[in-house]
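What follows is a single structure, written as structure tokens, with notes after it.
The values are calculated or read from the model by the stated rules, or taken from the named source; none is laboratory data. These numbers come from a predicted model, not from an experiment. Cβ atoms come from the backbone with ideal geometry, glycine included; neighbour counts cover every protein chain shown.
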Amino acid sequence: MNTSGSALSGNIKFDLSVVWHESVDGIRITDSTGNIVAANPSFCKLLDKPEAEIINQPFHILYHPNIQAEIIRDYNDDFNNNKIKPQLERKAVLWNGRKVWFEFSNSIIKSSSNETLVLSIVRDITDKKENELALIKSEGQYRSLFNNTSDAMFVCYLNYGKTLSNFAEVNEKACQLLNYSMNELLQQNPLNVIFENKEVEILKFIDRLNSDRSTIFNSSLSVKNADKIPAEINSRMFDYNERPAVLFISRNIAERREFEEKIKQRTDQLRNLASKLQSIREEERKTISREIHDELGQMLTVLKIQISLLSNKISDNEVIQLKLKSVEKLIDNSIESVQKISSKLRPGLLDQLGLIPAIEWQAQDFMDKTGIDCECILHKEELFLDQEKSTALFRIFQESIINTARHANASKIIIRLSEVNNDLVLEIKDNGKGITLNQIGDPKSLGLLGMKERALILGGSVEIKSSMNNGTIVKAVIPLITNITINI
Ligand SMILES: Nc1ncnc2c1ncn2[C@@H]1O[C@H](COP(=O)(O)OP(=O)(O)OP(=O)(O)O)[C@@H](O)[C@H]1O
Ligand SMILES: [Mg+2]
């Protein structure tokens, strides 16, 4: 077939054969039976066959044998019924097994002998189609994720970076949670559903979103004609339908709040119980210490006096005298032991003279026993502390210096007690090897935990600061006026 010729479009005359030869699209002309009467180079390339093997062949041989019958049947039907489709997309397998998507633009033309022919412009759209399909698939996956998640999700547009549109998307969970049908919820605005009608909150939210692109906040979601549901809302800016939009993912935190409240109550109960046990233990120590000191101490003193009287009466018997002297020595040692045990249980000084003398005495005793130098820089004015607070501070102090002796390898401890803004601050600083952060936070560090608990129950705190080889500072802060009520 002669494909040369010329055409006039507007005032421009051009050579049609150029179009035929240079077109990137395949062009094929078929007759009423489907025989190919002409094919341009791009068509041959598209079908991967030389022109000689195409011309005068039925066009369906260019397809895989499995689909040839179907293809020719469709063509014949369309041709015979004058229904050649002007535009058609077809998925096919070619003669060589290659899977393709072709787009056909068909027109009916007449040959010079007035034969009806079909001119088809064929374009390979396989890549475009595959991308579209991948997009549809990922859109489908996104949809299924959106609808099957256990969190309520809402999408709205961010108009001009300033206002929020009505919801553009909501998932099924959101509808269930808020008791709306999907259509009803899509007519709502985040202002009344998410922001409790607080316009100021929305403005603050949009500001945060514009600067950070995402933000998490707590709010109460409005259920249709009903109560509010406390929720934690995770929001994020993204492009949706090529417009800036906001995705809200909301998690119902009512259960979590209830759970947290229960944990808090339970922790308070345990803390109160521990405090109660602590004070019972202190009371018992105090009683035992007093009993040992008074009862046992007095009995030993009486015994010593009587031995001394007896020794006077039998002053002529030197052997017995010697025996009595050693008994007297034993009694002296026992009195000393009784005093030590008694003050170890609870220093009498703490109850009789208060915290400062007790710390000074304990520091001196510690220095004598361990050789670690203790410097006391203590509050000079009189302190009016109740027994609970002075006991807590004294025990924190004791645990700190015992820890220094046991673990720090230190040569000096500085103990400071001062009053700062209605707080009593006790600081014990050593020059030892320091504690690691792991040791400080270790739940098995019961000594450190005990110090913190003692302070906490009185509304105070214990902070432990340390750096490797640079010593340790234990800083306890106890408010002088406490508003703590202990419920057991
Ligand atoms: N002043 C310190 N210097 C260096 N390490 C310390 C100091 N105080 C505590 N530690 C480290 O922290 C750990 C935890 O101390 P904690 O007082 O809780 O336990 P403990 O003294 O080992 O045992 P206890 O329960 O008898 O007090 C210690 O085992 C020790 O390794
Ligand atoms: Mg300890």
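Across the stretch 461-481, which residue is farthest from V420 (Cα to Cα) among those that are without any contact (Cβ under 8 Å) to a residue 40 or more places away in the chain and crowded, with 18+ Cβ neighbours inside 10 Å?
Applying the filter and picking the extreme gives S466.
The residue of the stretch 20-50 that is farthest from the chain's Cα centre (by Cα), among those that are over 22 Å from T116 (Cβ atoms) and in a helix (DSSP H, G or I), is H21. For beta carbons closer than 6 Å, sequence separation of 6+ or different chains, a first residue in the stretch 131-154 that is farther than 11 Å from I249 by Cβ and a second that is of a type in the set (D, E, K, R) and surrounded by 11 or more Cβ atoms within 10 Å (Cβ to Cβ), the qualifying pairs are N147/E172. A single entry from F195, F217, F259, F248 fulfils the requirement of being in a helix (DSSP H, G or I) and of a type in the set (F, W, Y): F259. Could you tell me whether any residue of the stretch 368-378 is under 41 Å from the mean Cα position of the chain (by Cα), within 16 Å of ligand 1 (Cβ to nearest atom), of a type in the set (S, T, Y) and part of a helix (DSSP H, G or I)? Within the stretch 368-378 (the criterion being under 41 Å from the mean Cα position of the chain (by Cα), within 16 Å of ligand 1 (Cβ to nearest atom), of a type in the set (S, T, Y) and part of a helix (DSSP H, G or I)), the answer is no, since none of the residues qualifies. Has the stretch 92-108 got at least one residue that is in a helix (DSSP H, G or I) and in contact with a His (Cβ under 7 Å, 6 or more places away or on another chain)? No.
Inside the stretch 54-66, can you point out the residues that are of a type outside the set (A, V, I, L, M) and surrounded by 15 or more Cβ atoms within 10 Å (Cβ to Cβ)? Hits for the stretch 54-66 are Q57, P58, F59, H60, Y63, H64. Quick check: is even one residue across the stretch 304-325 in a helix (DSSP H, G or I), modelled with pLDDT of 90 or more and within 30 Å of Q362 (Cα to Cα)? Yes, there is a match, as at least one residue in the stretch 304-325 is in a helix (DSSP H, G or I), modelled with pLDDT of 90 or more and within 30 Å of Q362 (Cα to Cα). Counting only residues that are loosely packed, with under 15 Cβ neighbours inside 10 Å and among the polar types (S, T, N, Q), which one in the stretch 343-375 is modelled with the highest pLDDT? Applying the filter and picking the extreme gives Q364.
Looking only at residues in the stretch 174-193 that are under 29 Å from the mean Cα position of the chain (by Cα) and not hydrophobic (A, V, I, L, M, F, W, C), the one that is surrounded by the most Cβ atoms within 10 Å (Cβ to Cβ) is P190. Quick check, is S400 of a type outside the set (V, I, T), within 15 Å of ligand 1 (Cβ to nearest atom) and within 45 Å of the chain's Cα centre (by Cα)? Yes, satisfied. Taken over the stretch 345-380, the criterion of being free of Cβ contacts under 8 Å to residues at least 12 places away in the same chain and not hydrophobic (A, V, I, L, M, F, W, C) is satisfied by Q352, P357, Q364, D365, D368, K369, G371, K380. In the condition set (1) modelled with pLDDT of 90 or more; (2) more than 9 Å from ligand 1 (Cβ to nearest atom); (3) not in a helix (DSSP H, G or I), A455 is compliant with all but (3).
If the condition is being in a helix (DSSP H, G or I) and either over 16 Å from S461 (Cβ atoms) or of a type in the set (D, E, K, R) (or both), then the stretch 403-451 contributes N403, T404, A405, R406, H407, A408, L437, N438, Q439, L446, G447. Within the stretch 438-449, the set of residues being within 6 Å of ligand 1 (Cβ to nearest atom) and either within 19 Å of I372 (Cβ to Cβ) or over 25 Å from the mean Cα position of the chain (by Cα) (or both) comprises S445, L446, G447, L448. Residue by residue through the stretch 396-431, note down the ones that are buried (at least 17 other Cβ atoms within 10 Å of the Cβ), within 15 Å of ligand 2 (Cβ to nearest atom) and not acidic (D, E). The answer is I396, F397, Q398, S400, I401, N403, T404, A405, A408, A410, I413, I428.
Criterion applied to E139, E130 was being surrounded by 12 or more Cβ atoms within 10 Å (Cβ to Cβ) and assigned to a helix (DSSP H, G or I), and the one residue passing it is E130.
Residues in the stretch 81-105 that are surrounded by 15 or more Cβ atoms within 10 Å (Cβ to Cβ) and over 55 Å from the mean Cα position of the chain (by Cα): I84, W95, S105. For I435, the criteria (1) closer than 22 Å to I359 by Cα; (2) in contact with a strand residue (DSSP E or B) (Cβ under 9 Å, 6 or more places away or on another chain); (3) near ligand 1 (Cβ under 9 Å from one of its atoms) hold in every case but one, which is (1). Residues in the stretch 403-430 that are touching a strand residue (DSSP E or B) at 6+ places or on another chain (Cβ under 6 Å) and more than 10 Å from ligand 1 (Cβ to nearest atom): K412, I414, I415, R416, L417, S418, D423, L424, V425, L426, E427.
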